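Below is one structure, written out as structure tokens; comments come after it.
The values are calculated or read from the model by the stated rules, or taken from the named source; none is laboratory data. From a predicted model like this one, the values you see are computed outputs, not experimental measurements. We place every Cβ from the backbone using ideal geometry, glycine too, and count neighbours over all the protein chains shown. Side chains are part of the model used for accessible areas, which takes the heavy atoms of the whole protein and leaves out ligands, DNA and RNA. Shrake-Rupley method; radii C 1.70, N 1.55, O 1.52, S 1.80 Å.
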Amino acid sequence: ATFSDSLNGYKYQLMSVAIGPGHTQFSSWANSNWSYAIVTLYGQLNNAPNIDGTAIWDQFRLNRTYKNCDYPGIRLAWKNYYGAFDYFTFNLQLDKSNTISRESYELNPVPYSATAVPFAMDRTRRGTKQYYNTIQQNWTANSDWVDTQNANWLKELFFSTNVFYYDENYSNWLPCVVTSADVIEKTNPISQKLFNYQIQIQPALQPNPRL
């Protein structure tokens, strides 16, 4: 998106650059023996397709990571401050639990529809009948150690209202909600250089119980 500042005459551009082994232009990365990649963004010469090699907008390094101790982990995507999506993988332990809510009523063990008199109590009849069950899945994900820059960036995930997780079974992004109530930031800026986060999430589409 491009917009102009009428007061100062400046023109700004918001760009989203897809970089990484998951992008179609970098599909060869998936099968190559690479450990890291240096990504450099250059400027353009007078709106022409030529690259200005002297104008480096940004440069950063992508490090290849692997699963730790065979933890499944979970990959999240969220809408950031600029309205674009960011991605991060919590590659340590992923705990899953289910909270079940039930509604029931009591049935009379005496079959009043029977024609025999007197009525006999039938102990094989159900006394308590559940007519409504809901299942709430709760997941707790743990990040590996990250530096201060990435820790500050990850705070946007906790504040975002538009979060998705990658489902390996469906090979698709599915919506979820962040239920973490507290975000603990660094408490000692002098000695604390590495951080890890624990996040609680719930799938936005909960499973339906069997009737």
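If you plug the beta carbon distance of ASN33 and TYR87 into 1/(1 + (r/R0)^6) with R0 = 25 Å, you get a FRET efficiency near 0.60. Among the protein heavy atoms, those of GLU168 account for about 140 Å² of accessible surface (1.4 Å probe, every chain in place).
Of the residues ILE38, ILE74, the one with the largest accessible area comes first in the ranking ILE38, ILE74, computed with a 1.4 Å probe on protein heavy atoms. Each residue of segment 130-135 was assigned a 3J(HN,Hα) from its phi angle through the Karplus curve 6.51 cos²θ - 1.76 cosθ + 1.60 (θ = phi - 60°); the sequence is 8, 10, 8, 10, 10, 10 Hz, with glycine and proline shown as x.
Scanning residues 5 or more positions from TYR197 or on other chains, those with amide H under 5 Å from its amide H are SER143, with H placed 1.01 Å from N in the peptide plane.
Per-residue SASA remark: LEU41, around 40 Å² accessible (1.4 Å probe; ligands, DNA and RNA not included).
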